[in-house]
Amino acid sequence: MVGPVRPQFVLFGSSIVEFSYSNEGWGATLANLYARKADVILRGYAGWNSRRALQVLDKIFPKDATIQPSLVIVYFGGNDSTHPHPSGHGFHVPLQEYIENMRKIAIHLLVHFHATFLAFSTHDMKKQKVLYLKDFNDLLGQFRRTNESCRVYSEACLELCREMNVKAIDLWSALQQRHDRLDVCFTDGIHLSSEGSKIVAKEILKVLREADWEPCLHWNSMPNEFAEDSPYDPTGADEKTLINISSLKFQGNSQLE
């Protein structure tokens with residue numbers, strides 16, 4: 001481990017999390033914004049559902065951890081909501097089991113870690129009853145997904161979060177605001193494009209800005225690491241005034257306030 005010790009933000013979920021650092025993803029956006037404020041740690045696993053998450057929960061978030069995350073962002077549900085496979089195998093998790101799995105994940109994080117917990121619900125998807133992922137078609141066959149099943153799991157996740165007083169992002173509704181979402185928000189009908197990730201990042205930052213948490217976890221309210229003035233700072237246009245670079249807002253950040 002390297003120091004100084006910073007607040008830790010853990011992103012935990014399925015492929016929506018694992019791929020969040022690629023294609024100008026929302027995870028990369030958070031890592032950029034918090035570059036001198038917090039460590040954004042990726043724990044995303046493509047193809048996982050809430051059952052797989054529970055199997056490794058103690059390994060990813062061990063109860064005896066000396067450093068506890070300040071924020072955990074969780075996404076599961078997209079795979080859980082797929083239609084059952086005749087073999088009984090595959091992604092699908094029945095709705096009530098999914099709800100209880102997410103409840104157990106939340107309890108583990110809230111009780112053992114006292115971490116701020118933010119979930120975002122199953123996102124809208126391209127309207128195809130049977131979606132073929134081009135890159136994986138031969139290997140994995142067909143994934144049976146519908147908007148209706150995603151909606152049901154999304155609403156169940158949001159209701160659970162309200163019950164447990166956990167902050168949640170209704171990604172389904174957020175994506176609905178874009179009339180062209182089916183064309184520009186996804187790369188393959190499920191996974192997010194850069195435009196889709198912008199929506200996710202803005203929704204996350206909106207929650208972090210408006211939540212009455214102490215301390216505030218919005219990037220614009222957190223202190224920069226090593227932010228003190230230094231004689232090694234560059235001089236301004238007057239060739240006299242020293243400019244503290246740590247306080248400057250760089251390109252793209254102002255759009256996400």
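Numbers for the structure displayed
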item	result
Which labelled figure in [x] 52, 50, 32; [y] 73, 43, 32; [z] 62, 37, 30 is Cα extents along the principal axes in Å, once derived from the coordinates	[y]
Sorted by Cβ density within 10 Å, fewest first, the residues 5, 207	5, 207
Contact order relative to length of the range 8-228, as percent, for alpha carbon pairs under 8 angstrom and 6 or more apart	21 percent
Hz values of 3J(HN,Hα) by residue in the range 87-103 - Karplus curve (6.51, -1.76, 1.60), Gly and Pro given as x	6, x, 8, x, 6, 4, 10, x, 4, 5, 5, 4, 4, 5, 4, 5, 5
Helix 50-60 vs. the chain, principal-axis angle (Cα, 0 to 90°, nearest 10)	40 degrees
73, 169, 105 arranged by Cβ crowding within 10 Å, fewest neighbours leading	105, 169, 73
The range 41-92 shape via C-alpha gyration tensor axes, a/c threshold 1.5	prolate
Anchor residue 104: aspartates and glutamates whose Cα lies under 12 Å away (excluding residues fewer than 8 positions away in-chain)	58
Relative contact order, percent, the range 1-102 [alpha-carbon distance under 8 Å, six or more residues apart]	32 percent
CD proxy at 222 nm, helix term only [per DSSP H run n ≥ 4: -39500 (n - 2.57); per residue of the chain; nearest 500]	-9500 deg cm²/dmol
Cα long-axis angle, helix 194-210 against the chain (0 to 90 degrees, to the nearest 10)	70 degrees
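Values quoted throughout were computed directly from the atomic coordinates according to the rules given, and no laboratory measurement underlies them. Because the structure is predicted, anything quoted here is derived from the model rather than measured. We place every Cβ from the backbone using ideal geometry, glycine too, and count neighbours over all the protein chains shown.
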